[in-house]
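The values are calculated or read from the model by the stated rules, or taken from the named source; none is laboratory data. Remember, predicted model here, so these are calculated numbers, not experimental data. Here the Cβ is made from the backbone with ideal geometry for all residues, glycine too, and neighbour counts use every protein chain on show. For accessibility, only protein heavy atoms count, side chains too; no ligands or nucleic acids. Shrake-Rupley method; radii C 1.70, N 1.55, O 1.52, S 1.80 Å.
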Amino acid sequence: MNLWKIVGGVLGGAVILAIGLLIGHFGISKNSTPEWVKEISQDVDEAFITEFMKEVDNKKIENNLRELSQKPHLATTQGDEALVKMILERWKDKDYGLDDAKEERYDVYLSFPDKNNPNNVKVLLPNGEEPFQSLLTEKNLHGNDQSDSEVIKPYAAYAPKGNPKGKLVYANQGKWSDFEYLSTKMNLTGTIAIVRYGGAGRSTKTINAAQFGVVGVIVYTDPKDINDGNANPSQTYPSSWYMPPSGVERGSYTEDFGDLLTFFSPAKNYTYRIKESEIKGIPPIPTQPIGFEDAKALICQLTGSAAPEAWQGSLGCTYNLGPGFTAAGTFNDGDVQVNVYNYQEIKSSANVMGIIRGSVEPDRYVMYGNHRDSWVHGAIDPSSGTAVMLEITRVLGTKVKQGKWRPRRSIIFGSWGAEEFGLIGSTEFAEDYYSKLRDRTAAYINVDISVFANATLRAQGTPPVQDVIFKATKQVQAPISPSLSVYDNWIRYFNRSSSIYGKVIPQLGTLGAGSDYAPFLHYLGITCMDFAYTYDRSKTSARIYPAYHTAYDTFDYAAKFIDPGFTSHQTVARTAGNVLLRLSDSLIIPLAPLDYWETLDTYYKEAEKNLQTALNERLIHLEPLKTAVDRYKRAAEALNTKIKDLKATEETPLMIRMINDQLMLLERAFINHHAMAQPYFSHVIWAPRSYSVTTFPGLANAYSKAVSSQLQKDWDQVHHQLTIAIQAVDNAASTLETAASI
């Protein structure tokens, strides 16, 4: 049965309900409220939340993870399809399944390495000898994990095939400024650049390189950035959590997200596709990742002057810039050749969607998602999140099957496909159901990597979710101590002062575009959040957990070094599940619009401090923005008062519904599909910002460009972006005023 037909089928009932509510409101005495009206006016059941959290089982999460990570499951491969079947079976189980589950398939453009012709990096000497070739696979260090025939060999997805060769240069992180600096030291035309991860996006490194004449790129992970400097095999996995010398970080080399051929349309068999030659944001030159063991062999023989101190890493030698190798080394006057044999293919990728139908507002959705596909075994990324999601659905599904519980609003679960290639499954779903999701979704919860490490919670989201997350984390016990809440533990690691709360509170992180929340936030304007447990940054400077995107991200790695006992997984499940129940079951959706004011006020003050003088000189004034921000605060405060008054009286459910719609639609007020240059980034508050000043991103980026160029057309764009920001804040205030004046 079609998942959306189920939801659509209940809308008739919702209409009848609304008529009944109107009759009840105008025709029934307040002192004789019918029992059925009282029943549908029930608030969230705190006892049920407590019961849910008790039933979340760390052993079941552990078993989930063992099964999920048993085999490699790159998107659309046999391993991925096996998990599609497994998740469907669980969500359709007669004892603990959901109301319904189905596949949603899209025909998406993916990139793969040639199994029969592995990518590699070589050193070629003038006499024809090849003294060096990079490892074709990572070394097998535990059981058969790394030697499984389905382990995808290291590659840069979407990098073009080719065999360029040239003198090697070291270009630090591949940032534009790095290549600018190098270009002052040498002619980069025809060279091969070796760069390390970090500092710039994967694809951005290659695009920067090509613009300076570089013909091929090699990427590696420096132990300084991932291993706290530890490079000796005895210091790395399987002896610790650090990346082994042969470990290679795979990844998608794209700047945009979603299917690359079908922007703004779902990738179906009938969909118009652009030409492959029209794709932007992917590597223009052959690119290949290697392990730091191989990178050491290349970098430590480079000639030329020493790289700046900030460019030095932990390979045990001085990093020189090149070009080419020192005459004293074994590579002498050799060239480096990058051999890439990738191919592209349109393949069918599945999302698995599950639903628990709402009892009162079935046409309002709370979504919970996690991607399923991985580069190899993917125990941490993403199976730690899938293991948590499956435990949440087991507990809730059991209650539904037993007739003991049903949420007020519908809950939609998504196991997204092909996320690793650029958030493809979630983006295609957002495009496919654009109108329905935009008009009906109250919030989206994302749990991708649920546990990076086991020190503390890391929560990210838009400001309205802050309060409900605080409430949930105060109720969940931290795994390190039965007397310590997740909230109290969290505030020790990430905190800030809040003018609204009048005290120090945990720091809610902001959302970029690193996981499947991106299309829902940036394109649809849905309130989003993301949960994970993470590490103590005072004890490690690792850019991310060290086995990230390598063949060492296995169950053994997770069980020994990430979360022994799986209690941090359990804590994330309890926290995310607590928030899910509050969003889906509370009478009034627990979103706090006043919390947005702190962000808006900070943005305004930063603009006033850093931009105002130059703007005034060009008769561009910030005062209307201040007026809009002040208006927003008044509207949010008035709505808070309205909500408090509603909770103290026996108002009709129709009044509650009207308030809830305004809370749900607040985030949409900040969406402007014509404001930003990058596809899908339509959120005026959270779009990417390239300028260092923390203010409205469109305004910041336009100002930076205008200051650099001093062209009138660029200053006109500053005025235009300021107008967009003012309009967005005014629209948000107006949305709240509508609710406050009902």
Worksheet entry | Between 0 and 90°, nearest 10: helix 58-68 axis offset from the chain longest Cα axis | 50 degrees
Item to complete: Just the number, please: Stokes-Einstein D of the chain in µm²/s, Kirkwood Rh from C-alpha pairs, 4 °C, 1.567 mPa s.
Response: 47 µm²/s
Practice prompt. Give the calculated FRET efficiency between Asn495 and Ser234 to the nearest 0.05, with a Förster radius of 35 Å applied to their Cβ-Cβ distance.
Written response: 0.40
Worksheet, complete the sentence: If the chain between Lys54 and Trp311 were fully extended at 0.36 nm per residue, the gain over the current Cα-Cα distance would be 87.6 nm
Worksheet item: So what is the orientation-averaged projected area of region 176-318, using the convex hull of its C-alpha atoms, in nm²?
Response: 10.7 nm²
Worksheet item: What is the calculated FRET efficiency for Lys644 to Gln475, with r their C-beta to C-beta distance and R₀ = 22 Å, to the nearest 0.05?
Response: 0.55
Fill in: Full-extension gain in nm, Thr694 to Ser149, via 0.36 nm per residue minus C-alpha separation
191.4 nm
Worksheet item: Which value, in Å² and to the nearest 10, is the accessible area of Asp178 when all protein chains are kept and the probe is 1.4 Å?
Response: 10 Å²
Worksheet item: So which chymotrypsin sites (Phe, Trp or Tyr not before Pro) in region 238-310 end up in coil per DSSP with only 10 or fewer other C-beta atoms within 10 Å?
Response: Tyr270, Tyr272
Worksheet item: Would you list Cys317, Cys528 from the most to the least accessible area, probe 1.4 Å?
Response: Cys317, Cys528
Fill in: Of all accessible heavy-atom area on the chain, the percent that carbon and sulfur account for (1.4 Å)
49 percent
Response to the item:
For region 400-525, inverting the pair-averaged 1/r of distinct alpha-carbon atoms gives a Kirkwood value in Å of 16.8 Å
Worksheet entry | Where GluC sites (Glu not before Pro) fall in DSSP loop in region 98-191, at most 16 other Cβ within 10 Å | Glu129, Glu150
Discussion item. Rolling a 1.4 Å sphere over the protein heavy atoms, what is the accessible area per residue of region 544-646, to the nearest Å²?
Written reply: 33 Å²
Worksheet item: In what order, largest first, do Met353, Met658, Met53 sit by accessible area if the probe radius is 1.4 Å?
Response: Met658, Met53, Met353
Response to the item:
Nearest 10, in degrees from 0 to 90: the angle of helix 383-401 to the longest Cα principal axis of the chain is 20 degrees
Worksheet item: What is the extension gain from Glu46 to Lys347, computed as 0.36 nm multiplied by their sequence separation minus the C-alpha to C-alpha distance, in nm to one decimal?
Response: 103.8 nm
Discussion item. Could you work out the relative contact order of the chain? I mean the mean sequence separation of Cα pairs under 8 Å and 6+ apart, divided by the number of residues, in percent.
Written reply: 17 percent
Practice prompt. Determine ³J(HN,Hα), in whole Hz, for all residues of region 720-727 in sequence, where each value follows from phi through the Karplus function 6.51 cos²θ - 1.76 cosθ + 1.60 and θ = phi - 60°; x replaces Gly and Pro.
Written response: 4, 5, 5, 4, 4, 5, 4, 4
Fill in: Vicinal HN-Hα couplings computed from phi for region 485-500 (Karplus, 6.51 cos²θ - 1.76 cosθ + 1.60; Hz; Gly/Pro x)
7, 4, 4, 5, 6, 4, 5, 6, 9, 10, 8, 7, 8, 10, 6, 6
Worksheet item: Any idea how far the Cα center of region 464-495 sits from the one of region 389-403, in Å?
Response: 24 Å
Worksheet entry | Tilt relative to the chain, helix 78-91 - C-alpha long axis, 0 to 90 degrees, to 10 | 10 degrees
Item to complete: Would you pull out the residues with amide H under 5 Å of Tyr319's amide H, same chain only if 5 or more places away, H placed 1.01 Å from N?
Response: Ala307, Gly313
Worksheet item: To two decimal places, what compactness ratio does region 500-588 give when its Cα radius of gyration is scaled by 2.2 N^0.38 Å?
Response: 1.35
Discussion item. Pairs of alpha-carbon atoms within less than 8 angstrom and 6+ residues apart define the contacts here; what relative contact order does region 438-548 have, in percent?
Written reply: 46 percent
Worksheet entry | Rounded to whole Hz, the Karplus (6.51, -1.76, 1.60) HN-Hα couplings of region 193-209, x for glycine and proline | 9, 9, 10, 10, 5, x, x, 8, x, 3, 5, 4, 4, 6, 5, 4, 4
Worksheet item: FRET efficiency for Asp714 and Tyr434, Cβ-Cβ distance as r, R0 = 41 Å, nearest 0.05?
Response: 0.80
Discussion item. Amide H of Val219 versus every other amide H placed in the peptide plane: which residues, excluding those fewer than 5 positions away on the same chain, fall under 5 Å?
Written reply: Val195, Gln288, Ile290
Worksheet item: In whole angstrom, how far apart do the alpha carbon centroids of region 670-715 and region 148-222 sit?
Response: 28 Å
Discussion item. Give me, ordered by chain and number, the residues 5 or more places off Cys528 or on other chains with an amide H under 5 Å from its own placed amide H.
Written reply: Tyr444, Thr462
Response to the item:
With DSSP loop assignment and no more than 15 other C-beta atoms within 10 Å, the trypsin sites (Lys or Arg not before Pro) in region 42-147 are Lys92, Lys94, Lys115
Worksheet item: What value, in deg cm²/dmol to 500, does the helix sum -39500 (n - 2.57) over DSSP H runs of n ≥ 4 give at 222 nm once divided by the residues of the chain?
Response: -11500 deg cm²/dmol
Item to complete: Please sort 164-170, 318-324, 447-453 by packing, taking for each peptide the average over its residues of neighbouring beta carbons within 10 angstrom, highest first.
Response: 447-453, 164-170, 318-324
